[in-house]
Every structure is written in structure tokens, then in C-alpha cells.
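Peer 1: Take this structure first; my questions come after.
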Amino acid sequence: MDDTFILGGKSFVSRFLLGTGKFKNKTELTASILSSGAQIVTVALRRIDLERDHENILEYIPEGITLLTNTSGARTAEEAVRLARLARASGHGHWVKVEVINDSKYLLPDNAATVDATAALAAEGFIVLPYVTPDLYTARQLEKAGAAAVMPLGSFIGSGQGLRTRDMIKVLIDEISIPVIVDAGIGAPSHACEAMEMGAAAVLVNTAVAIAANPPLAAQSFARAVEAGRAGHLSRLAQPQPAANPSSPLTGFLFE
Amino acid sequence: MSLPSPQEIRDILNDNCPQRLEAMAQEARRITRHNFGMTMGLYTPLYLSNHCDSHCTYCGFRNRHKIQRTRLSIDEIRAEMKAIAAAGIRNILLLTGESPHATPLSYLVNAIQCATEFFQGISLEVYPMATSDYRALYTAGADGVTIYQETYDRARYAQVHLAGQKQDFTFRYQAPERIAQAGMRQITLGILLGLGPVADDMHALFTHLHSLEKKYPGVEYSLSFPRLRTVRSKAFTAAHVDDASFVKILCLTRLSFPRIGINLSTREPAALRNRLLEICTTRISVGSKTGVGGYHNPGDDHDPQFDVADERNSAEMIQYLKTHGIDPVFTDWRRIENT
Amino acid sequence: MEIYLNGQSREVPDSILAADLIKRSCSRPELVICELNGAILGREHWPATTIKPGDRIELVSFVGGG
């Protein structure tokens, strides 16, 4: 069965996205990317340290990985757009995760500002993956604005609490036609598996891998959980019935 | 879990909303699949005799009906069983009319012993008897008994059962307990849909089953809902249970009893059986002849008890199941020694 | 002249070229992205762009992030 993950016009095998923040060192990061088979990783943009030389994260990300620049730090749509443009100017691609947060207590994204930034960036040809609190209206607006996917949070960033918002994520999966990539709050492989079983297109994990005692092993476990959940989801899809009444496949015949 | 009241059942039967029916069917299917998987048990009925001392106004075998009365000899029984087994079937249901005189215990025991040569599952649908008699059937090798109360409405019951032992409502009602006490592993109960008031009969059937489950939890129970059909186009006046109601009845049964078997006979036409297979049935009869014998020499069609509406033979039915994602189950489990 | 580099006030030689400013600010200029007075200054323009007094320059590069 062909289950290629198409995102932003590109084909991927892995539905496990890895964030690169919070790792104890960069070699652990490289090992985690390799052990998990992640093909898309997020990075952020920061002012360089003028006093000291620091290692550049790009040197620790293997060739061929798609970079998804997170606009983290942006507190408004304008700042997010500015960061995205900077990232594109680097020559390392035009994929952006729009993250607009003006809240340091919960780190909840500003859905409205995210929609604005998405519209602006999509119009400029970026592949936009917006990070939002799951909300149907927001998701519809994002779809209309040209987002390549929607990234609803499972629970608060870094909390590892799993799919606290599962019912709302399910609404998005059921109602939105662009991929739903669950991001934030995935603390255990079972959470990642659960998201995929529900029908999510992919999952992004950062903190749970970075702070694990053994990040490469953790990354591998999450990637496997994503595969298992995806297979579980696909295995439940019914075979198409040619003559079935789609809305009442079992009892429609009584009313024909 | 609480059983639906007669009024709740009536409300469901009167509800014409297609979406609610579909939702009920989806839930019934989900529960059935969880508990039974993608499987269907198969069995074939063999009528050993149509001699009957009772007069049930709705039955093709009724005492006053002028049909050719016949009873298979042990050699004929063997020939019939051989033919059924040759079609791949390993579960047989042996039926007789209500006549301890024509088909006494010894006759039934002989038939069962013969059946053990060919079948792993042997059930009987015969007249109610004493516990010790059921015990004899069990030790001979039978593992199941089917007995329908027909209707739990005493007034209606008296109205349609006009002669013979069948008139005794209570003896029949208490038979399942005696069957369980005798050690039988499998008991099938049922009502004849359209004979009595449907919602009340369903409620009474559910209550009967529920009390048996409590008292004899080791028994594997099944329910069956034969719909009154015409025999050779002789109509019997009864309440009409339409297809939608029939579907609701089966679904409601599944929702009320997640793990009991739900049987479906060849009284129902192929197209409807095909639909119901997808929803909540767990055992079906195949290749049925409902007159005495009829397998060894097909066309030797003695007067049938009811008209068969699904005439597919075993091979056709097996093929249908396999091409529709259902595994036909011939043998559920094997008897070692009925002790 | 005084300029603002990554938000901080700095004294740099007059008429310094962007390329030279960047080279002396970090060891790997090829990994750096430059914004001059709020607009992105593409790498190809660095050798030809003269920094003026009061200019605001942002030098950013990729770091780990979620």
C-alpha cells in the first residue's frame, strides 16, 4: 500500500518530525536524527554570538534533511514574517513553521496572528506549517490562506502531557483536508502512536527526545510509535464497497 | 446492564429515522466484530421426522395438516448425514416434530450417535423433555439444544397451540433450565416473529435469557428470530414484521447481549441475509432442506416445515463469505467426551 | 563610526564594507544571514555594500529549536 507522506509538494517516508532544541549537545542531535530516520527537522534563527564562536547547528544536520525554520521568538505576525524571510535568505529552503507566541506563561500560540503570517508568507511562496491551538475556524482559515499543513498542539510545549486536546485534534483531522501534524506536548511514544491512530498525518517531537536520558534511543522509539500508529490507522480503513450507500453503508438498502 | 423495557423496544421499532438505524447497525457491527471477529458459524438442519402430536396453527407440520408423515430410518439418517458432511458442514441441527411417540428418546439417541461419526457439533430442536432425557442426549454426544418459546404471551400462546404437549406453556418455558442442568453446552432460544406482540415478546425473551445467564453462566447462549413465513403460500395471519424492524430487532439484541450468538436461518432471502451477515449475525444455516431428509436424494422434497428463501448451497454460501471478508467456521470446538 | 550590531552599539571603521564587517564578527560568514536597517541584505551584495553611521545590522544564523 502506497502511504507516501506528501507535504509541501515533497514526498517523505517518515512521518516523524524532530525538533532540534534543548539537546545536551549536538552529537546527540545528529545521532537522534539518524536513529529515528526523521527527514524534516525544525531549527530556529537567533542573533549570532559576537563574543564567541559557536557551533552551527546546520553542520550537525545530515545532508538531504528538510529544514523547517521555526519563527520562535516572534511575538507578532510581522516578526514571524521577518524571521521567515531571513531564513529563506540563508539559501537553506523556504519551509517555515509559523510560531507566534506572546505569552511566556503557557507559551500558547496566537492563532489570529498565525493566520495573518501564514497568509502573507504563503503568498510569497513559502511552504508554511502553522503552529496553533486546535480550533476548527482557525484551521479552516489556515487552509484557505494556503498553509501546507496545520500543526495543532497536543498539550503545552514541553509538558509531555500527551493529547490533552485530542477531541479538538480529531475534529481537525475529520474536517480539514490539509495534513494535520500534531506538535507540542508529546511526552511518550504512546502519545505519538495515539495521534497517528486517530488519523494525524505526522507528529513533531522535540523536548521528550532532547531531555531523555538516551535521546537517540528515544527518537527511535517515537519514530517506531509513529509507524505503528499509522499502520494501525490504515489497517482500520474499510475496503471500498462499490454499491454501498456512503452515508448509510449498512442499512441504506432498507430505504432504497 | 439494563435491558430495554417493552416501551423502549416499541419506541425503537416505531422510530423511522434512517440515521439512527444506521448508527445502531454500526454499533451492533462493532460489538459483533470485537466479540466474534470476522467469522460466521455454519450449520445445516436435518429434519428426521415430521410426525407431530401437537397442533400449532402456524406450522407446516401441524397435527391436523394433511401431509405425508414420514420418519427416517437409521440407514436413511446415515445417508443424509453423509451427504451433508460431504458438503463440508460439521455442525448439524437435528429436528423432529413434537412426537415422543414417533421419535422417542431412544430414536434421538441413535440419531446422535450416528451424527458423531460425521459432525463435531450436534444440536437438537425437538420436543421439550425431562432433565434426565436431556442428559441422555448429552452423553450420546449432543452439545446443544434449540427451543423456541414461540411467544411469551400466554393468551396468544393458548390461541395458536391447540393440541398436544405443546399446549403446556410452562413445561416449555422451563425446558432451558433442564437443558442447562443436563450439562448441555449450548442453548438457543427464540421467538417466532409476527406470532405474538413483538416488543413484549422481545422483552420477555431478553428477560428469560438474562435469568438463564445468571443461573447457568457456563452455557453458551444464542438467540434466533425466525420470521413467520408462508408455507406453500398458505398465509397465516400475524403481525407483519418488516425488514427494517427485523434489522432493528437483531441490532437491539446485539446491543443488549454483546456476546450471545445470533442465528439466521434460510427463512430469510439471500439478499437480506447478505446484509445481515455484515451487521451482527454469528451463525447461519446453509443449504437447508426443511422437509424430512432431502439431502441424500435432493428433490425428494417432502412437505417442508417452512419455505426456504435462501436456496444457496454450502459451496455457494462459503464462497460468498470468503469473498466478503468473512471466515466460515465449520468447527468451533471438538468434543472429547461428553461427561 | 557608530553602528548598531545585533542590538548593541559598536564602533567600527568608517565606510567599512558589509562583507568585511561580517568577516570580523564571526568565523563562518557563510552560515550567517544579514539584515541591514530592517531589510535582508543578500550575500551577493555584501562585497559592494558600504555601512553608514547609525546603520542597524542584524546577523543571525540557525540554532536548535522546536
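Just so you know, all these numbers are worked out from the coordinates, no wet-lab data involved. The shown structure was predicted, so the numbers you read here are calculated from the model rather than taken from an experiment. Please note: Cβ atoms are built from the backbone with ideal geometry, for glycine as well, and neighbour counts cover all protein chains shown.
Peer 1: State to the nearest 20 debye the size of the charge dipole of chain A about its Cα centre, where the only charges are +1 on K and R beta carbons and -1 on D and E beta carbons.
Peer 2: Here the size comes out at about 280 debye.
Peer 1: Sort B:Cys114, B:Cys59 so the one with the fewest other Cβ atoms within 10 Å of its own Cβ comes first.
Peer 2: Neighbour counts put them in this order, fewest first: B:Cys114, B:Cys59.
Peer 1: What nm value, rounded to one decimal, do you get for the distance between B:Arg334 and A:Thr4 when each label is placed 7 Å out toward the C-beta?
Peer 2: Once both label points are built, they end up 5.1 nm from each other.
Peer 1: Is the C-alpha gyration tensor of chain B telling us rounded, prolate or oblate? Criteria: a/c under 1.5 is rounded; beyond that, a/b larger than b/c is prolate, otherwise oblate.
Peer 2: It comes out rounded by the Cα gyration axes.
Peer 1: Quick one: what do you get for segment C:1-54 if you divide its Cα Rg by 2.2 N^0.38 Å?
Peer 2: 1.03
Peer 1: Please compute the contact order of segment B:145-232 in relative form: average sequence separation of alpha-carbon pairs under 8 Å and at least six residues apart, divided by the residue count, as a percent.
Peer 2: Across segment B:145-232, relative contact order equals 38 percent.
Peer 1: May I ask you to evaluate 6.51 cos²θ - 1.76 cosθ + 1.60, the Karplus curve with θ = phi - 60°, for each residue of segment B:144-161 and list the ³J(HN,Hα) values in order in whole Hz, giving x for glycine and proline?
Peer 2: Once θ is set to phi - 60°, the couplings for segment B:144-161 become x, 9, 10, 8, 9, 6, 6, 9, 8, 7, 4, 5, 5, 4, 5, 5, 9, 10 Hz.
Peer 1: Taking amide hydrogens as modeled 1.01 Å from N in the peptide plane, which residues meet the under 5 Å criterion relative to B:His55, leaving out close sequence neighbours?
Peer 2: B:Asn63, B:Leu162, B:Ala163, B:Gly164
Peer 1: Now for a separate question. I'd like the Karplus ³J(HN,Hα) series for segment A:25-31: coefficients 6.51, -1.76, 1.60, θ = phi - 60°, whole numbers in Hz, and an x wherever there's a Gly or Pro.
Peer 2: 7, 6, 5, 4, 4, 4, 4
Peer 1: From largest to smallest, what semi-axes in whole angstrom does chain A give when each is the square root of 5 times an eigenvalue of its alpha carbon gyration tensor?
Peer 2: Working from the Cα gyration tensor, I get semi-axes of 32, 22, 17 Å.
Peer 1: Sticking with this one: What share of Cα pairs, in percent, lie more than 49 angstrom apart in the protein assembly as shown?
Peer 2: That fraction is 41 percent.
Peer 1: Pull up all non-local amide H partners of B:Gly41: gap of 5 or more, or a different chain, and H-to-H distance under 5 Å with H placed in the peptide plane.
Peer 2: B:Arg283, B:Ile284, B:Val329
Peer 1: Now for a different question. How about A:Lys26: which aspartates and glutamates have a C-alpha closer than 18 Å to its C-alpha, ignoring those fewer than 8 places off in the same chain?
Peer 2: Partners within reach: A:Asp49, A:Asp53, A:Glu55, A:Glu59, A:Glu63.
Peer 1: If you don't mind, another one. For segment B:202-219, just list the computed ³J(HN,Hα) in residue order, Karplus coefficients 6.51, -1.76 and 1.60, θ = phi - 60°, integers in Hz, with x standing in for Gly and Pro.
Peer 2: Computed from phi, the couplings for segment B:202-219 are 5, 4, 5, 5, 4, 5, 4, 4, 4, 5, 5, 4, 5, 7, 10, x, x, 7 Hz.
Peer 1: Still on this structure: Could you check what % of the DSSP bridge pairs in the protein assembly as shown are antiparallel, to the nearest 5?
Peer 2: Counting DSSP beta bridges with both partners in the protein assembly as shown, the antiparallel share is about 30 percent.
Peer 1: Between B:Leu94 and residues 5 or more places away or on another chain, which pairs have amide H atoms under 5 Å apart, with H built 1.01 Å from N, and which residues are they?
Peer 2: Close amide H contacts, sequence-distant or interchain: B:Leu46, B:Ser123, B:Leu124, B:Glu125.
Peer 1: May I pose another question? Starting from the coordinates of the alpha-carbon atoms of segment A:48-114, obtain the Kirkwood hydrodynamic radius over all distinct pairs and give the value in Å to one decimal.
Peer 2: Hydrodynamic radius (Kirkwood, Cα only) of segment A:48-114 equals 13.4 Å.
Peer 1: Let's see if you can work this out: charge +1 on each Lys and Arg Cβ, -1 on each Asp and Glu Cβ, no other charges. What is the dipole magnitude of the protein assembly as shown about its Cα centre, in debye to the nearest 20?
Peer 2: 1340
Peer 1: Next question, about the same structure. Of the candidates B:Arg172, B:Arg273, B:Arg20, which one comes out as most mobile in a Gaussian network treatment of chain B with C-alpha springs shorter than 10 Å?
Peer 2: B:Arg20
Peer 1: For chain A, set up a GNM with springs between Cα atoms under 10 Å and report which of A:Gly91, A:Gly185, A:Gly162 has the largest fluctuation.
Peer 2: A:Gly91
Peer 1: Next up: What's the average, rounded to a whole number, of partner chain beta-carbon atoms within 10 Å of each residue's beta-carbon in B:13-23?
Peer 2: Average per residue, whole number: 3.
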